[in-house]
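Enquirer: I have a structure I would like to understand better, so I am pasting it below and will then ask my questions one at a time.
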Amino acid sequence: MDRNKNPHFRLAGRPTDYARLGIDPVSIVQSEDGQRIGSEKGCYEWWYFDAHLDNGATVVVVFYTKPNVSPNRPLAPRVTINMTLPDGRTFEKFLDTKPESFRASKSSCDVRIDENRFVGDLHRYHITATIEEISIDIDLTGEVRAWRPKSGHLYFGTESRERLFAWLPSVPHGTADVRYKIGNEEYRASGSGYHDHNWGDVPMQTLMHNWYWARASVGPYTVIASYITATAAYDYETQIVYMLAKDGQIIADDETKVTFDTERVETDSKTGKPVADVTRYTYRAADTRYVVSFERRKTILQAILTDRAPLLKRIIARLIGFDGAYHRFTGKVTIEKFDGDARVEIFEDHAIWELMYFGKARPQGVASSAAAPSRCITAQT
């Protein structure tokens with residue numbers, strides 16, 4: 001099945017798409033990680049970083065032009081820091097500031113919000129962020145080249161009225177050196193880092209019903225995998241995005257050769273959304289098969305998307321039936337390679353992955369028609 005033939009949305013990869021967007025089908029240039037869209041009504045953009053550190057900590061830092069589920073508002077810069085420490089402490093910090101505090105280059109990634117900065121050249125990045133008692137200073141060096149699924153542009157609707165969600169994994173895998181302070185406590189640790197960049201021109205919740213997104217580094221392998229289900233307006237169609245690299249070289253990124261499945265799906269007690277204990281992506285090419293499995297051990301974040309909204313917005317959300325939720329998980333990732341029926345490689349490691357669920361929970365067992373992308377971030381109102 002050609003997944004670009006979905007009648008309701010498509011992962012743009014036609015020669016005319018690349019010509020219209022002014023990008024090359026293979027080569028990625030620094031301007032693609034610069035500001036790609038304005039701040040007018042409907043438009044949003046963010047630059048994302050995460051790291052799994054060798055001391056057991058996880059760190060997520062995101063720079064936004066505006067809260068990502070409220071793109072109809074004017075420019076409203078935001079920085080977020082999410083940390084889980086080895087001793088079990090968690091921190092979720094938000095900095096909302098004035099429009100004049102935001103500056104971003106269009107020629108490369110150089111984003112400033114107040115004194116916070118996210119800057120890099122598709123290979124090396126420096127990120128600094130301070131919110132209340134938390135300060136973070138990050139050096140990220142890429143070990144897998146910048147990549148995008150086809151053009152990186154996912155279009156919803158007919159060609160005369162297409163709506164956009166775009167995604168660029170600028171650093172699919174790299175080494176992160178992270179220095180962080182919590183009050184008077186100071187720490188330094190290194191680990192696996194990742195950076196990507198998203199933008200769009202309409203609220204995501206009008207396009208996407210839900211998505212899983214994951215990235216991991218396991219032995220010699222790096223994987224980015226995502227499965228998105230569109231909203232009812234687009235017939236709940238689906239799209240897979242997938243990239244597998246070995247020893248720093250991309251060896252598989254044809255999403256038409258990938259299937260997605262889940263195991264042990266249960267209803268989350270806080271959000272009411274169906275959550276799978278196991279998500280699995282299987283890539284098949286001739287007699288070779290790669291199986292990437294994510295097995296949930298802990299849910300480290302459950303967020304009702306309206307919880308931080310003003311009272312009036314919460315009331316309106318209830319009236320219109322919006323009950324979106326975001327989940328972040330940690331657990332084990334396993335990558336297996338099979339030649340024919342024989343398993344010839346297996347690697348396991350720790351991973352972090354996400355489930356964004358904008359829509360109403362659908363009955364378990366309701367299948368989607370194919371498979372989709374995203375990087376994902378903690379959704380904020």
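The values are calculated or read from the model by the stated rules, or taken from the named source; none is laboratory data. Just so it is clear, the model here is predicted, and its values are computed rather than measured. Neighbour counts are summed over all protein chains in view; Cβ atoms, including those assigned to glycine, are modelled from backbone coordinates with ideal geometry.
Enquirer: Please determine, by comparing only the residues of the stretch 103-122 that are free of Cβ contacts under 8 Å to residues at least 40 places away in the same chain and in contact with a strand residue (DSSP E or B) (Cβ under 6 Å, 6 or more places away or on another chain), which one is farthest from Thr175 (Cα to Cα).
Expert: Out of the qualifying residues, it is Arg103.
Enquirer: Moving on. Identify, please: which residue in the stretch 115-140 is outside any strand (DSSP E or B) and not acidic (Asp, Glu) and is, among those, surrounded by the fewest Cβ atoms within 10 Å (Cβ to Cβ)?
Expert: The initial filter retains those residues of the stretch 115-140 that are outside any strand (DSSP E or B), namely 115, 121-123, 132-133.
Keeping just the survivors that are not acidic (Asp, Glu) gives 122-123.
On the way: Leu122: 19, His123: 15.
Ranking the qualifying residues of the stretch 115-140, first place goes to His123.
Enquirer: Now, a different point. When both residues are 6+ apart or on different chains and their Cβ atoms are under 7 Å apart, which pairs have a first residue that lies in the stretch 172-185 and is polar (S, T, N, Q) and surrounded by fewer than 22 Cβ atoms within 10 Å (Cβ to Cβ), and a second that is modelled with pLDDT of 95 or more and not in a strand (DSSP E or B)?
Expert: none
Enquirer: So which residues in the stretch 275-318 are surrounded by fewer than 16 Cβ atoms within 10 Å (Cβ to Cβ), at pLDDT below 75 and part of a loop (DSSP other than H, G, I, E, B)?
Expert: Residues satisfying the conditions are Asp307, Arg308, Pro310.
Let's see how each residue does on (1) within 24 Å of Pro203 (Cα to Cα); (2) not aliphatic (A, V, I, L, M):
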site	(1), (2)
Arg20	yes, yes
Val26	no, no
Glu32	yes, yes
Gln35	yes, yes
Ser39	yes, yes
Tyr44	yes, yes
Asp50	yes, yes
Val60	yes, no
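Enquirer: Which of the residues that make up the stretch 141-165 are among the aliphatic types (A, V, I, L, M) and surrounded by fewer than 23 Cβ atoms within 10 Å (Cβ to Cβ)? Give the steps one after another, and end with the answer.
Expert: As a first pass, look at the stretch 141-165 and keep what is among the aliphatic types (A, V, I, L, M): 144, 146, 154, 164.
Within the stretch 141-165, Val144, Ala146, Leu164 meet the criteria.
Enquirer: How about the stretch 80-102: which of its residues are in contact (Cβ under 8 Å) with a residue 12 or more places away in the chain, in a loop (DSSP other than H, G, I, E, B) and either at positive phi or among the aliphatic types (A, V, I, L, M) (or both)?
Expert: Leu85
Enquirer: Now for a separate question. Of the residues Gly331, Gly321, which single one is of a type in the set (Gly, Ala, Ser) and either at pLDDT below 70 or touching a Leu at 6+ places or on another chain (Cβ under 8 Å) (or both)? Before the answer, list the steps.
Expert: Values: Gly331 fails: either at pLDDT below 70 or touching a Leu at 6+ places or on another chain (Cβ under 8 Å) (or both).
None of the other options fit; the residue is Gly321.
Enquirer: Now for a different question. Looking at Leu244 and the list (1) surrounded by fewer than 17 Cβ atoms within 10 Å (Cβ to Cβ); (2) of a type outside the set (Lys, Arg); (3) at pLDDT 95 or above, which single condition is not satisfied?
Expert: In the conditions (1) surrounded by fewer than 17 Cβ atoms within 10 Å (Cβ to Cβ); (2) of a type outside the set (Lys, Arg); (3) at pLDDT 95 or above, Leu244 misses (1) alone.
Enquirer: May I ask you to list pairs of residues, at least six apart or on different chains, whose Cβ atoms are under 7 Å apart, with the first in the stretch 327-343 being assigned to a loop (DSSP other than H, G, I, E, B) and the second being surrounded by fewer than 16 Cβ atoms within 10 Å (Cβ to Cβ)?
Expert: Here the result reads Gly340/Asp287, each pair linking the stretch 327-343 to a residue that is surrounded by fewer than 16 Cβ atoms within 10 Å (Cβ to Cβ).
Enquirer: Tell me whether the stretch 173-183 contains one or more residues that are touching a strand residue (DSSP E or B) at 6+ places or on another chain (Cβ under 6 Å) and on the phi > 0 side of the Ramachandran plot.
Expert: no
Enquirer: So is Arg20 of a type outside the set (Gly, Ala, Ser), farther than 29 Å from Arg161 by Cα and over 21 Å from the mean Cα position of the chain (by Cα) or not?
Expert: No.
Enquirer: Need the failing condition index for Thr206 against (1) surrounded by 24 or more Cβ atoms within 10 Å (Cβ to Cβ); (2) in contact with a Lys or Arg (Cβ under 8 Å, 6 or more places away or on another chain), just the number.
Expert: (1)
Enquirer: Looking at the stretch 81-101 only, could you name the residues that are loosely packed, with under 14 Cβ neighbours inside 10 Å and under 23 Å from the mean Cα position of the chain (by Cα)?
Expert: The initial filter retains those residues of the stretch 81-101 that are loosely packed, with under 14 Cβ neighbours inside 10 Å, namely 86-90, 98-100.
Answer for the stretch 81-101, where residues must be loosely packed, with under 14 Cβ neighbours inside 10 Å and under 23 Å from the mean Cα position of the chain (by Cα): just Thr90.
Enquirer: Another question, if that's okay. Going by the conditions given, is Ile37 among the β-branched types (Val, Ile, Thr), in a loop (DSSP other than H, G, I, E, B) and at pLDDT 95 or above? Can you show your working first?
Expert: Values: among the β-branched types (Val, Ile, Thr): yes; in a loop (DSSP other than H, G, I, E, B): yes; at pLDDT 95 or above: yes.
Against the criterion (among the β-branched types (Val, Ile, Thr), in a loop (DSSP other than H, G, I, E, B) and at pLDDT 95 or above), Ile37 qualifies.
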